[in-house]
1. So what is the 222 nm mean residue ellipticity for the protein assembly as shown from helices alone, if each DSSP H run of at least 4 adds -39500 (n - 2.57) and you divide by all residues, rounding to the nearest 500 deg cm²/dmol?
2. Would you tell me the accessible area of residue A:21, worked out with a 1.4 angstrom probe on the heavy atoms of the protein chains, in Å² to the nearest 10?
3. Sorted by accessible area (1.4 Å probe), largest first, how do B:177, B:263 line up?
4. With every protein chain kept in the model, how would you rank B:132, B:87, A:96 by accessible area, 1.4 Å probe, largest at the top?
5. What is the stretch A:1-57's relative contact order, in percent, from Cα pairs under 8 angstrom and six or more apart in sequence?
6. Among all lysine pairs in chain B that are eight or more places apart or on different chains, how many have alpha carbons less than 23 angstrom apart?
7. Find which of B:264, B:98, B:127 sits farthest along the positive direction of the dipole of the stretch B:49-270, computed with +1 on the beta-carbon of Lys and Arg, -1 on that of Asp and Glu, about the Cα centre.
8. To the nearest 20 debye, what charge dipole does the protein assembly as shown have about its Cα centre, counting +1 at the Cβ of each Lys and Arg and -1 at the Cβ of each Asp and Glu?
Amino acid sequence: MKETQPVIDRSNCVINIRGLEKSFGDLDVLRGVDLDLYKGENLVVLGKSGTGKSVLIKIISGLLKPDTGTVNVLGQEVPKLKGRELDQLRLKIGFSFQNSALYDSMTIRKNLEFPLVRNRRDMTRGEVDRMVEVVLDAVGLSQTINQMPSELSGGQRKRIGIARTLILQPEIMLYDEPTAGLDPITCIDINNLINEVQSRFHTSSIIITHDLTCAKDVGDRVVMLLDGQFQRQGTFDEVFDTPDERVKLFHDYNFIN
Amino acid sequence: MKFLNDDERPVRRRRAQVISRRFDRIFTELHNIASFIGRFFKEVFLPPYEFKEIIRQCFEIGVKSLPLISLTGFIIGIVFMNQSRPSLAEFGATSWLPSLVSLAIVRALAPLVTALIGAGRIGSMIGAELGSMKVTEQIEAMEVSATNPFKFLVVSRVLATTFMIPALMMYTMLVALLGAFLNVNANEGTSFTTYFTQVFDAITFLDIFSSVIKSALFGFTIGVVGCYKGYHSSKGTEGVGKAANSSVVTAMFLVFIEELLSLQVITALRYL
């Protein structure tokens with residue numbers, strides 16, 4: 001649970017999506033999604049596997065192109081951006097991948113340095129080292145600095161993945177299934193880390209998950225993706241206060257099982 | 001004129017559809033490869049230049065291949081010398097052995113053997129590495145951290161193979177000639193000076209130059225094929241295995257085709 005109440009600026013919308021549609025062949029994944037993310041807010045996108053949650057954040061980060069609709073991030077229309085413009089925007093967006101996506105052939109130090117040395121060429125060696133220490137300290141894994149990703153546990157890899165995105169000091173964080181495949185205790189640690197990132201680095205985040213404990217712990221607002229559209233939205237309790245069987249089933253399955 | 005009955009028509013139509021789909025796939029693949037190569041030539045000249053990564057790849061591809069190349073080259077020299085001796089001995093021409101071996105090694109064996117070893121060791125390594133990076137989202141992770149993965153991963157590897165295969169070929173040449181020398185020295189008692197004088201008398205600048213150019217082409221092919229297969233792999237770990245395997249098979253096939261074509265060109269140049 002959150003220790004301090006987040007400061008959410010509802011007059012400042014950092015992500016604004018309208019009428020977003022995306023299909024792969026005959027499969028319509030997103031069918032008219034509208035979404036607003038406010039500055040300082042943690043927004044949880046809930047939904048079953050295969051409903052297009054990851055597709056949504058890949059479109060936001062410019063990894064995928066939408067079929068139709070507008071995707072406005074920090075005042076810029078993402079699908080229209082190319083090359084340097086898109087790279088500049090991406091520096092302000094941190095993307096934490098489901099499988100952490102750490103570079104296998106590099107040590108943790110090199111993994112963390114990678115985005116920094118490539119994008120902040122004016123930084124000295126000392127400044128880079130200091131930033132690495134800061135983000136490692138933020139995720140509580142300073143001792144792993146010279147280890148290889150293969151030597152870490154799943155939870156540690158997730159934390160390092162988050163640290164790597166934090167090193168560029170992004171304004172927006174996109175978490176793709178941050179607790180998937182982790183034990184319940186490690187899940188709580190990751191949830192706490194997401195909340196800590198929000199309060200310490202003042203980020204606005206979209207958290208993609210099907211883990212209701214995660215949604216309850218980290219979400220300031222929850223939206224539920226069903227049949228390619230956001231069917232429910234509000235606080236965690238508001239979303240599940242509905243007679244809709246599909247939503248109730250999702251809730252009961254998570255908490256009873 | 002034979003008329004098809006009702007049973008035969010759908011079967012023929014299905015066959016035609018299968019053949020048409022296969023042709024579609026082949027041409028789509030060719031188009032994708034052409035785009036991939038086109039993108040390489042576009043990106044290779046644009047900054048930022050990945051010098052550090054190119055040097056690291058040169059080390060991985062070149063220096064780490066040396067033990068295998070040394071052993072193979074040395075054995076080839078000995079074996080080729082040994083197998084050639086009986087034929088020349090029949091005509092009392094064993095003194096021609098150094099010339100024969102040098103021509104065979106410099107013109108054909110060294111480039112081909114180096115390329116085949118490169119396709120096996122380096123092609124599979126690149127295919128598997130990029131394939132696993134692709135399926136574990138590491139390539140996408142690079143992209144979202146504002147790094148051009150094509151330039152960092154593909155351009156650096158293709159340049160490294162293009163530079164290192166000719167260098168490895170020259171090394172194979174030297175080691176194979178040394179292996180052949182040991183054999184001819186043990187059997188005919190030919191001295192080091194006499195052997196190498198005969199070796200260098202037999203070959204021309206065109207022989208070495210054409211082998212270097214040919215090897216650069218082989219290196220480029222190995223790099224492009226490995227990167228293409230790895231970069232476009234899918235279906236999880238199965239896809240990684242397929243990418244590695246397909247990189248080796250395709251690169252070897254293309255190396256043989258290129259060898260055949262370059263032989264025609266070099267022969268034509270030689271008699272100009």
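The values are calculated or read from the model by the stated rules, or taken from the named source; none is laboratory data. All values derive from a computational prediction rather than experimental measurement. Glycine also receives a Cβ, built like all others from the backbone with ideal geometry; neighbour counts cover every protein chain displayed. SASA here: full protein model, heavy atoms, side chains in, ligands and nucleic acids out. Shrake-Rupley method; radii C 1.70, N 1.55, O 1.52, S 1.80 Å.
1. Dividing the helical sum by the residues of the protein assembly as shown leaves -19500 deg cm²/dmol.
2. We get 80 Å² for residue A:21.
3. Per-residue accessible area, sorted high to low, gives B:263, B:177.
4. Per-residue accessible area, sorted high to low, gives B:87, B:132, A:96.
5. Relative contact order, the stretch A:1-57: 34 percent.
6. 18
7. B:127
8. Dipole size: approximately 1400 debye.
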